[in-house]
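Accompanying notes for the structure given below.
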Amino acid sequence: MADETIYDLIPFKPSPEVKQPRYQSVFHDAVREESKHQKASMKTMGLMKSNLNDTKNFLKKKEKEPKLPEKKPFVRGDDDKKKPPVPKRDEKPVFGIKSNKDFIHTNAVDNIMSVAKKPEGRYVDTKGGAIYTLENSGLVPKYTTKDGYGTVPKYLSDRKRTIEEHQKAYDDYITQQREKNALHKISATEREEILSGLKNNWTELHLQYQGLSVITDTAPKKAKKERLEAQMNQIERDIATIEKHSVIYVSDAL
């Protein structure tokens, strides 16, 4: 019984539980006063300054029900296309109407003067004999027989003209830029001055590089060393390029 101790025999009073104060909004009093003010203004039926309806205009029975339109006879949309009704059984047909038309002669003349009907073009593409119309099969030349077939559409001509105008404007701009950025040859004196300035810059950077600490144990020291090395390498490349070429051209825009 390692957890037992003699101090457990001494009676003690438990400490009272301390409760946190109840949260109360800082707007509690303002909301209470506003609520009282609103309730006081509505103790009567409705607001104090509301306009009451006249006692004669009370709500009557079925007053709020929707009013339907007046009744009209139903008319179908196809009544004018209907055939005349079948005669009733007590209606008698009109007798005695005769015609002098020779229907046999008229039919014979119509058949003689009529043009033979051209058969519809069809094709069969399966061994089972499936028949399809030739008109929409793509085998009948339609577009090649049109009047405008082979001519360039107007919108393509307009687009081509617009492209040519833009190309001409671009060519003019390039010509102006070339004339503006024309190259010129630097003299031997300028070349020597540039070489001398680059060598002086390299000497200054080399002196700064020699003054660096031997141990680069921090990030700033390492960054400074890398920056000086990069600048010295760039100047060495520039010096080698200028010494290699005796004739150098430069642009006026530089």
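Quick notes
- Boolean, residue 108 is at pLDDT 90 or above, open to solvent by less than 100 Å² (accessible area, probe 1.4 Å) and out of contact with any strand residue (DSSP E or B) (no Cβ under 6 Å at 6 or more places or on another chain): yes
- Qualifying residue in the stretch 226-242 (condition: of a type in the set (A, V, I, L, M) and open to solvent by 100 Å² or more (accessible area, probe 1.4 Å)): no
- Per the conditions (1) under 39 Å from the mean Cα position of the chain (by Cα); (2) open to solvent by less than 100 Å² (accessible area, probe 1.4 Å); (3) on the phi < 0 side of the Ramachandran plot; (4) not basic (Lys, Arg), the sole criterion not satisfied by residue 150 is (3).
- Among the residues of the stretch 111-123, those that are under 26 Å from residue 140 (Cβ atoms) and open to solvent by 100 Å² or more (accessible area, probe 1.4 Å) comprise 115, 117, 118, 119, 120, 122.
- Out of 51, 100, 57, sole residue that is over 30 Å from residue 140 (Cβ atoms), part of a loop (DSSP other than H, G, I, E, B) and modelled with pLDDT under 85: 51
- Residue count for the stretch 170-209 satisfying the condition of being open to solvent by less than 90 Å² (accessible area, probe 1.4 Å) and under 30 Å from residue 225 (Cβ atoms): 12.
- Odd one out for residue 247 among (1) under 57 Å from the mean Cα position of the chain (by Cα); (2) more than 29 Å from residue 177 (Cα to Cα); (3) in a loop (DSSP other than H, G, I, E, B); (4) not hydroxyl-bearing (Ser, Thr, Tyr): (2)
- Meets criteria (more than 30 Å from residue 121 (Cβ to Cβ) and touching a Leu at 6+ places or on another chain (Cβ under 7 Å)) for residue 173: no
- Condition check for residue 134 on (1) open to solvent by 100 Å² or more (accessible area, probe 1.4 Å); (2) in contact (Cβ under 8 Å) with a residue 12 or more places away in the chain; (3) of a type in the set (A, V, I, L, M): one failure, at (1).
- Test: residue in the stretch 142-163 that is part of a loop (DSSP other than H, G, I, E, B), of a type in the set (A, V, I, L, M, F, W, C) and at pLDDT below 85: no
- Residue 110 being part of a helix (DSSP H, G or I) and among the acidic types (Asp, Glu): yes
- Scanning the stretch 38-48 turns up no residue that is surrounded by fewer than 10 Cβ atoms within 10 Å (Cβ to Cβ), modelled with pLDDT of 75 or more and among the charged types (D, E, K, R).
- When the test is whether a residue is touching a Leu at 6+ places or on another chain (Cβ under 7 Å), under 30 Å from residue 249 (Cβ atoms) and open to solvent by 60 Å² or more (accessible area, probe 1.4 Å), residue 167 does not pass it.
The values are calculated or read from the model by the stated rules, or taken from the named source; none is laboratory data. Treat the numbers as computed from the prediction; the structure is a model and nothing was measured. All Cβ positions, glycine included, derive from the backbone under ideal geometry; neighbour counts span all protein chains shown. These area figures cover heavy atoms from the full protein model, side chains too; ligands, DNA and RNA do not enter into them. Shrake-Rupley method; radii C 1.70, N 1.55, O 1.52, S 1.80 Å.
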